[in-house]
Every structure is written in C-alpha cells, then in structure tokens.
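Trainee: Structure incoming, see below.
The values are calculated or read from the model by the stated rules, or taken from the named source; none is laboratory data. Everything numeric here is computed off the predicted structure, so don't read it as measured data. Counting neighbours? That spans all protein chains shown, and the Cβs are built from the backbone with ideal geometry, glycine included.
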C-alpha cells in the first residue's frame with residue numbers, strides 16, 4: 001500500500017547541518033575571522049552594506065561569512081536583521097560637500113579646487129593576476145601626503161554659478177520612507193533615489209549601460225565622483241542642538257548631461273545623481289545614469305520606451321532580495337497547481353482528439 | 001500632563017494588543033457581533049473598549065480627531081503618551097473618536113478615493129448603550145441578518161451607498177464593541 | 001517556548017499595528033487589495049512572507065496553528081513556517097483542521113468545511129488578478145477603480161474561442177460581492193466554491209507585492225464564467241489510493257519507472273483522518 005511522503009522536518013535539519021559543514025570547508029585550513037573579511041574583502045562588505053541598507057561593516061562581514069560569500073544571501077541576512085531594529089530618530093541630511101575625500105575625480109574639468117585625487121582605485125591597475133598574493137605577502141606602505149583640511153567644493157557648483165546647469169528645487173519636506181510605506185506609483189525622485197540606492201548593482205549597471213548604447217541615451221559625463229567619510233549628525237530636541245553620531249563612508253556621483261532643451265526647459269546641462277553607502281563606485285555611477293534617464297518626463301524629453309526610462313519597470317524589479325525570493329520560489333512544491341494544469345491539458349487534448357476522430 | 005495619562009495602557013502590550021485585535025477583527029468581519037475589548041484603562045469619557053481600540057490601532061502614523069465630547073486634556077494626553085498619534089482636523093483623520101452627536105455630520109471625514117478606497121477614516125463611537133437590537137444589518141460577514149442599537153439609520157444608508165468608498169465604524173460601550181463597515185446594509 | 005530575543009510573533013508592535021489596520025480595511029472592502037508596508041522577513045519573498053506577516057499580526061498565545069503547503073502539513077516550507085511561529089510566538093500547533101484556530105495555507109483550502117472562530121491565511125505570490133493581462137500597476141489600479149474588467153472577460157472569451165474551454169485551472173479569478181475581481185491565490189479551481197459563504201475569516205497576504213486583502217465570513221465570491229460556459233470545479237477522475245475518497249482534490253504520484261501512476265489526497269489531514277476511521 002502507498003504511504004504518504006513524510007520527513008520534511010528531518011530533511012530540513014539534516015540540510016542545515018550539512019550546510020554548516022560546507023560553510024566551514026576543510027577544517028585543516030584556518031577559519032576566517034569576521035575582522036579578516038571586514039578588512040580584506042572590504043568592497044564585498046561595502047556592497048552588502050549598500051544593498052542591505054545598513055551601515056555596519058562588522059555585521060556585513062559576518063553576513064558574508066555566514067552566506068559563504070554569496071553576497072545576495074548576505075544582503076538578505078542584513079535586510080532581515082535591519083527590519084527588526086528600533087528607530088530612535090532620523091539624522092540630519094548628510095553634507096557631502098564637507099566630505100573628507102579619499103578619492104575625487106572629475107571628467108569635465110582638468111583641474112578644480114580640491115584637485116583630482118585618484119585614491120585607492122583599480123582604474124589603472126593592469127589586470128594581471130598577482131601571484132605574490134598566493135603567498136602571504138607584506139604590502140609596501142603607500143606614500144603619505146598632507147591631508148586637505150578645507151572642504152572640497154562640488155564641481156557642479158561651478159556650472160551653477162554660470163547658470164549652465166539645471167537647478168534642483170530645494171525642499172525640506174520629509175520624503176516617503178520606502179522601508180516603512182508601500183511603494184506608490186508614480187513615485188517622486190526622492191523615492192526613486194531611495195530605491196536605486198539599495199538596488200541590485202548588476203541590474204543598475206546593465207540599465208545604465210543600455211542608456212549609453214542608445215536605449216534612453218542622455219550622454220552623461222562624470223561631473224564628479226567622490227568617495228570619503230561624512231559626519232552623521234542628529235538633532236536632539238531635548239538638548240536643543242545636534243550631536244555627532246559618527247562617520248560613514250559614502251560614494252557620490254553627479255553626472256553632467258547634455259541637454260538641448262525641450263518644450264519646458266531651456267538648453268542647459270542637467271544632472272543625474274547617485275549616492276551609495278561605502279566605496280561602491282560602479283553602483284554610484286550606474287545609479288546616476290539611471291536616475292537621469294528616469295527624469296525624462298520632468299525635463300520634457302521624449303519617452304522612447306527604453307527600459308531605463310520606465311519608472312515602474314525599474315523600481316519594481318531593481319531589488320535583488322525581492323527578485324531572488326520570487327525567482328527561487330518556483331522550486332517550492334507546486335504539485336497542486338501543476339495537477340490542475342495536467343487535468344486541463346488532458347481535457348483540452350481529449351477534446352481535440354475527439355474532434356479529429358469525428359472528422360475522420 | 002498629569003500622572004494619570006501615564007497609566008492605563010496595556011499591561012503586556014504584545015499579548016494584550018493581540019487579544020484586542022482579534023476581538024476588533026471579529027467585530028469588523030462579523031458586523032453587528034458584540035465583542036469584549038478589555039485591558040485598557042483610559043480616562044473619562046473614553047470607554048474601556050474605545051481605549052483598547054486606540055492602543056491597538058493608533059500610533060504616530062495615524063492622525064486622530066477627537067470630537068468635542070472627547071476633546072479634553074486627559075484624553076489628549078493619554079493618547080499622546082500611549083500612542084504618539086497626532087491630533088488633526090476631521091478631514092485628515094484616520095481615526096475619529098467621540099460620541100455620535102460630536103462626530104456628526106460624518107460627511108466631513110475622508111472616504112477614500114476610487115484608486116485607494118482604504119484611505120478612509122475609521123470612526124470609534126462611544127455609545128450610552130450597545131445591544132443586539134434595533135437596526136437590521138445585512139451584508140458580507142453576516143449569515144442572515146444581525147441587529148444593533150445604532151444611533152440612527154440614514155447616515156449608514158448614505159455611507160453604504162458610497163461603496164467601495166466610505167467610512168467604517170466601531171461602536172463602543174464599556175468593554176464591549178461592535179462594528180459596521182461600509183459594506184453593511186442598514187435598515 | 002518563545003524566543004526571548006524577538007517580540008511576540010517576531011514583528012515589532014508598530015509593524016503589527018500597520019498590518020492590523022490593513023487587515024481591517026481589507027475586511028471592510030472585500031476583495032480590494034490594501035497596500036501595506038511589507039517588512040523584510042527572515043525567509044525569502046515568494047515563500048510566504050505575506051502570509052507570515054498576516055499570521056503574525058493575528059496570533060495570540062491562545063491560538064492553535066496549522067500550516068499547510070499543497071494541502072500537506074509535512075511539506076518542507078510548511079514545516080519551516082510552523083517552526084518559525086513555535087519559536088517566535090510559542091503557539092500550540094496542530095495538523096487537525098477542525099482543531100486549528102489559525103490556518104496558514106499555500107495553494108489549498110482544506111477539504112473539511114471551516115467554522116466560525118477559524119481564520120484561514122493564504123500566501124499570495126501575485127495578488128493582482130489582472131497582472132498577466134496588464135503588467136502595469138498604475139493601469140490595473142485604474143481598472144479596479146473604474147470596475148473596468150473588460151480585459152479579463154476578453155481573455156476568458158478568447159480561451160473559449162480557441163480551446164472550447166476556459167484555460168485557467170488555478171488562481172481562477174472571482175468577483176467579490178459584485179464589485180472587485182480578486183485572485184484567490186494559486187488554489188486549484190476545484191477549491192473556488194469553498195471561498196464563498198465560508199464561515200471562517202479568509203485573509204490574503206502578498207509580502208513582496210505589499211498587498212493584503214480579505215473575505216469576511218459569508219461573503220459572495222463568484223468564479224467568473226459565461227452563461228453558456230459555466231464555471232466547473234475539476235479534479236482528477238479517480239479515488240485516493242490511501243483513503244479511497246473520490247470527492248477530495250488529488251495529487252498524482254508516479255510510482256514506477258514505467259510511468260505508472262496513482263492518486264492520493266492532497267489534504268493529508270483529511271486523508272489520514274479518513275484512513276484511521278477505516279478497518
């Protein structure tokens with residue numbers, strides 16, 4: 001006699017035990033510490049912080065360790081943790097003009113106050129495998145320069161001064177909070193930027209690339225890319241002043257886009273904006289291109305139907321935690337719906353066969 | 001704010017709120033059914049049941065309007081301390097609380113929009129009595145018909161005619177409550 | 001015993017209040033999808049996060065919870081969700097449908113009629129019944145607002161023109177109280193008649209899509225059809241190989257390398273209780 005399949009609980013427990021063993025790998029190889037991941041896989045940590053929307057390098061490193069290096073899984077761990085945290089308040093808007101820049105480059109001006117600072121970039125490395133790293137090698141100390149103490153002005157402010165770039169309307173309104181209110185479409189720019197800031201890097205990269213190739217082309221120059229530490233301040237109403245909570249590292253990108261004018265706007269430069277937690281340069285540049293492409297309606301440009309111009313398409317599909325969950329859920333049992341499809345197909349085929357036989 | 005406003009909340013908030021919500025949900029799902037809503041000790045003139053609904057459903061995200069009958073310092077302070085809900089004008093309120101006279105005319109409250117009919121006010125009406133007699137109620141949630149001692153009939157007929165827009169009502173008296181959503185036909 | 005590191009039923013109180021408000025509006029507007037600020041849960045989107053949030057907002061410590069996936073209590077995801085609530089809410093659990101006060105389900109309605117005092121929570125992947133006809137939320141929201149369901153009727157009519165039958169076998173849309181067209185989640189259309197006039201409260205949670213909707217007890221829910229092509233709840237022709245039921249919804253099981261097959265009840269509690277009653 002047939003007996004119903006059982007054992008789901010035991011199967012899950014066993015799977016988790018095996019997973020833990022695989023995570024550790026060969027025990028003859030020393031275990032990696034969270035501090036090692038934080039220090040030596042810093043760009044992975046930055047991506048997890050950015051897309052996890054939580055600035056905590058230690059937790060991000062822990063998540064990477066627990067996720068066996070699967071960054072989307074690590075981002076998921078951070079998101080699920082983040083959502084349980086109580087909220088004590090909101091910081092003041094960050095002042096990126098006062099950023100202590102580790103890196104600051106502009107593609108639009110050869111030089112400007114603050115200068116061009118390459119910083120710790122892969123840009124001009126020859127992509128040759130460094131076999132010295134196979135062994136435990138000491139790194140040479142990098143030469144040190146004098147720290148710049150004055151603020152580094154934004155490049156776009158020089159265009160502002162001449163009235164050559166579109167002014168962004170200032171607002172003190174509190175933007176909608178994507179994580180506390182359901183997504184509402186059409187979205188405003190503040191909501192779009194929130195969504196893009198935690199969006200999947202790969203998705204944004206491809207969308208941004210598609211605009212460069214003509215699917216919603218906006219011809220972007222990197223007006224400025226800066227990476228560095230910014231102070232986070234919070235107003236304490238009981239004290240009557242703001243206190244420093246600490247520093248976060250951010251990547252900010254402002255693109256300057258060619259714009260020949262439209263029915264509503266004069267010829268001027270326009271901009272796209274990207275701001276991402278951590279050193280996450282590819283993501284910040286991508287974000288600024290996608291932001292600019294999404295602004296077609298506000299600037300009176302034509303909608304050519306490009307994916308990057310489609311707010312609903314971009315915002316509803318940019319989150320890798322939503323995407324991966326729904327994608328992977330199709331491996332869950334679907335016996336019941338599949339059975340109803342089986343019955344339907346059999347019935348429709350029987351009808352066709354009966355019709356053919358009747359015709360013969 | 002006197003010390004009275006600091007008391008009268010739920011003793012074990014997660015569990016008390018869970019029980020209160022289940023009662024509130026039963027009431028809304030089965031219009032006319034009288035449920036017990038306890039655990040709150042709000043200042044007069046708020047009933048225990050109205051207090052429990054406020055503790056269960058209101059927070060800084062839910063603007064509240066108090067009808068004149070309930071717009072007293074003790075109630076304002078109690079709501080502020082326990083929920084942080086902002087007090088607003090009737091048209092902006094997600095929850096409006098008071099006696100029937102003070103809440104009328106109810107046409108001043110938000111009834112939602114065709115795209116978002118859920119963006120409508122919920123009224124919490126403190127009643128002198130609440131009994132399963134009087135107006136006849138039919139509609140979703142009611143197998144055959146229910147009866148409830150409503151303050152009047154016409155306002156609820158008018159409200160049901162707005163469906164899918166409209167207001168949803170809780171009626172409270174002591175530690176008892178019943179609900180009449182916009183789907184309920186009242187005669 | 002519940003895990004003291006988390007609030008009762010995992011979610012913080014403010015999140016529960018937000019979900020509870022959405023549930024109440026859902027009950028007040030049957031079949032209308034209420035937007036809610038779905039939280040990231042410690043399980044993936046698409047695996048029941050909407051149902052889990054709704055269940056978490058409903059549970060009290062006095063509840064007895066049943067979780068089923070494909071009608072079965074022992075499928076891995078049902079096991080996982082049941083464990084989650086045992087751990088975070090400390091609730092009692094059961095597999096017996098009549099003993100459960102809250103039932104979370106994926107893809108089935110239990111065979112045994114539900115009763116007053118029970119709550120059935122559905123996990124919903126795509127809450128929008130019009131989504132596969134019109135991908136844009138901005139458009140489908142307008143259609144619901146205007147009660148413009150022409151597109152759905154055109155789709156069903158085209159099915160008939162092409163196949164001689166409506167080619168939807170699960171997630172078969174219903175019209176609720178003559179107003180909103182609603183997706184009943186991917187239950188087989190066999191289960192559709194149980195949606196209407198049900199004594200229990202039915203709640204639907206879609207986490208990723210951020211929607212909650214509801215059917216109060218004794219609500220009308222009519223499966224869409226045409227006078228000359230009436231709706232037909234269908235199942236495999238056959239009887240369960242374990243309990244012999246020929247009225248319950250059946251799963252097909254392949255039993256040998258030659259493709260031999262047999263049918264067993266999808267509702268494992270129903271099947272087991274029938275099998276026990278037999279000699």
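Trainee: Identify, from the list A:297, A:293, the residue that is under 25 Å from residue A:188 (Cβ atoms), surrounded by 14 or more Cβ atoms within 10 Å (Cβ to Cβ) and in the same structural domain as residue A:194 (by TED's automatic domain parsing). First the steps, then the outcome.
Mentor: Working: A:297 fails: surrounded by 14 or more Cβ atoms within 10 Å (Cβ to Cβ).
That would be A:293, the only listed residue that is under 25 Å from residue A:188 (Cβ atoms), surrounded by 14 or more Cβ atoms within 10 Å (Cβ to Cβ) and in the same structural domain as residue A:194 (by TED's automatic domain parsing).
Trainee: Can we say residue B:39 is without any contact (Cβ under 8 Å) to a residue 40 or more places away in the chain, more than 22 Å from residue A:87 (Cβ to Cβ) and surrounded by 16 or more Cβ atoms within 10 Å (Cβ to Cβ)? Can you show your working first?
Mentor: Values: without any contact (Cβ under 8 Å) to a residue 40 or more places away in the chain: yes; more than 22 Å from residue A:87 (Cβ to Cβ): yes; surrounded by 16 or more Cβ atoms within 10 Å (Cβ to Cβ): yes.
Criteria met by residue B:39.
Trainee: Take residue A:69 and tell me if it is under 22 Å from residue A:287 (Cβ atoms) and assigned to a loop (DSSP other than H, G, I, E, B). Before the answer, list the steps.
Mentor: Working: under 22 Å from residue A:287 (Cβ atoms): no; assigned to a loop (DSSP other than H, G, I, E, B): yes.
Against the criterion (under 22 Å from residue A:287 (Cβ atoms) and assigned to a loop (DSSP other than H, G, I, E, B)), residue A:69 does not qualify.
Trainee: Go over the candidates C:189, C:194 one by one and state the one that is closer than 18 Å to residue C:112 by Cα and within 9 Å of chain A (Cβ to nearest Cβ).
Mentor: Working: C:194 fails: within 9 Å of chain A (Cβ to nearest Cβ).
After applying the criteria, what remains is C:189.
Trainee: How many residues, within segment C:159-196, are in a helix (DSSP H, G or I) and either more than 16 Å from the chain's Cα centre (by Cα) or under 29 Å from residue B:161 (Cα atoms) (or both)? Step through it out loud before you land on a result.
Mentor: The initial filter retains those residues of segment C:159-196 that are in a helix (DSSP H, G or I), namely C:159-163, C:189-194.
With either more than 16 Å from the chain's Cα centre (by Cα) or under 29 Å from residue B:161 (Cα atoms) (or both) added as a condition, the list becomes C:159-163, C:192-194.
Residues in segment C:159-196 being in a helix (DSSP H, G or I) and either more than 16 Å from the chain's Cα centre (by Cα) or under 29 Å from residue B:161 (Cα atoms) (or both): 8 in total.
Trainee: Could you tell me whether residue C:215 is crowded, with 20+ Cβ neighbours inside 10 Å and within 16 Å of residue A:344 (Cα to Cα)? Spell out how you get there, then give the answer.
Mentor: Values: crowded, with 20+ Cβ neighbours inside 10 Å: yes; within 16 Å of residue A:344 (Cα to Cα): no.
Here the answer is no, as residue C:215 does not meet what is asked.
Trainee: Does residue C:208 satisfy being under 29 Å from residue B:115 (Cα atoms), in contact with a helix residue (DSSP H, G or I) (Cβ under 7 Å, 6 or more places away or on another chain) and in a loop (DSSP other than H, G, I, E, B)? Talk me through it step by step, then tell me what you get.
Mentor: Values: under 29 Å from residue B:115 (Cα atoms): yes; in contact with a helix residue (DSSP H, G or I) (Cβ under 7 Å, 6 or more places away or on another chain): yes; in a loop (DSSP other than H, G, I, E, B): yes.
Judged against the criteria, residue C:208 is a match.
Trainee: Determine whether segment C:266-276 contains at least one residue that is closer than 30 Å to residue A:324 by Cβ and free of Cβ contacts under 8 Å to residues at least 60 places away in the same chain.
Mentor: No; the residues of segment C:266-276 include none that is closer than 30 Å to residue A:324 by Cβ and free of Cβ contacts under 8 Å to residues at least 60 places away in the same chain.
Trainee: Give B:88, B:180, B:153, B:75 a once-over and let me know the one that is surrounded by 23 or more Cβ atoms within 10 Å (Cβ to Cβ) and away from every other protein chain (no Cβ under 14 Å). Steps first, please.
Mentor: On the way: B:88 fails: surrounded by 23 or more Cβ atoms within 10 Å (Cβ to Cβ); B:180 fails: away from every other protein chain (no Cβ under 14 Å); B:153 fails: surrounded by 23 or more Cβ atoms within 10 Å (Cβ to Cβ).
Unique residue meeting the criteria: B:75.
Trainee: Can I ask one more? Could you list all residues from segment A:312-330 that are within 16 Å of the chain's Cα centre (by Cα) and touching a residue at least 24 places away in the same chain (Cβ under 8 Å)?
Mentor: Across segment A:312-330, the qualifying residues are A:314, A:315, A:316, A:317, A:318, A:319, A:320, A:321, A:323, A:324.
Trainee: Tell me, which helices (runs of 4 or more DSSP H) lie completely within segment C:1-95 with 3 or more residues that are facing another protein chain (nearest Cβ under 7 Å) and buried (at least 24 other Cβ atoms within 10 Å of the Cβ)? Steps first, answer last, please.
Mentor: Numbers: elements: C:13-28, C:49-58, C:76-89.
Correct list: C:13-28.
Trainee: Could you tell me whether residue B:31 is part of a loop (DSSP other than H, G, I, E, B) and surrounded by 24 or more Cβ atoms within 10 Å (Cβ to Cβ)?
Mentor: Spelling it out, residue B:31 is indeed part of a loop (DSSP other than H, G, I, E, B) and surrounded by 24 or more Cβ atoms within 10 Å (Cβ to Cβ).
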